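Inspection log for the structure reproduced underneath, given as structure tokens.
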Amino acid sequence: MAHTVKGKAKLLARIRRIRGQAAALEAQLAAEGDCVAVLQQIAAIRGAVNGLMAAVIEGHLMEHVVSEPKQPQREQDADVILQVIKSYLK
């Protein structure tokens, strides 16, 4: 996955932020925090994960589907992405 190597620092930074958000959520739940704050934190985490997913999908499509010359592997790569998107949206 060459595209994740090129964007490795940015992807890792996103994951660290998500980890921090999850830790804050855990602390809110442990302290029996306000329901609205808990829901907002969950929504923020979901948005961050969606952003991470979009970045990895975009990298994959640009690196393996769009920029390569037409070949059978391109169709297989597109199928993999479609499967991931479908399972993610369930």
Take the conditions open to solvent by 60 Å² or more (accessible area, probe 1.4 Å), more than 13 Å from the chain's Cα centre (by Cα) and without any contact (Cβ under 8 Å) to a residue 24 or more places away in the chain and apply them to residue 24. Does it pass? no
Could you tell me which numbered condition residue 52 fails, if it satisfies all but one of (1) at pLDDT 75 or above; (2) within 23 Å of residue 22 (Cβ to Cβ); (3) of a type outside the set (Gly, Ala, Ser); (4) open to solvent by 80 Å² or more (accessible area, probe 1.4 Å)? (4)
Residues of the range 31-51 being within 15 Å of residue 15 (Cβ to Cβ) and either in contact (Cβ under 8 Å) with a residue 40 or more places away in the chain or among the aliphatic types (A, V, I, L, M) (or both), in sequence order, are 44, 45, 48, 49
Could you check, for the range 73-83, whether at least one of its residues is modelled with pLDDT of 80 or more and either open to solvent by less than 100 Å² (accessible area, probe 1.4 Å) or of a type in the set (Ser, Thr, Tyr) (or both)? yes
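The values are calculated or read from the model by the stated rules, or taken from the named source; none is laboratory data. None of the values given here were measured: they were computed from a predicted structure. Every residue, glycine as well, gets a Cβ built from its backbone with ideal geometry; the counts of neighbours run over all protein chains shown. For accessibility, only protein heavy atoms count, side chains too; no ligands or nucleic acids. Shrake-Rupley method; radii C 1.70, N 1.55, O 1.52, S 1.80 Å.
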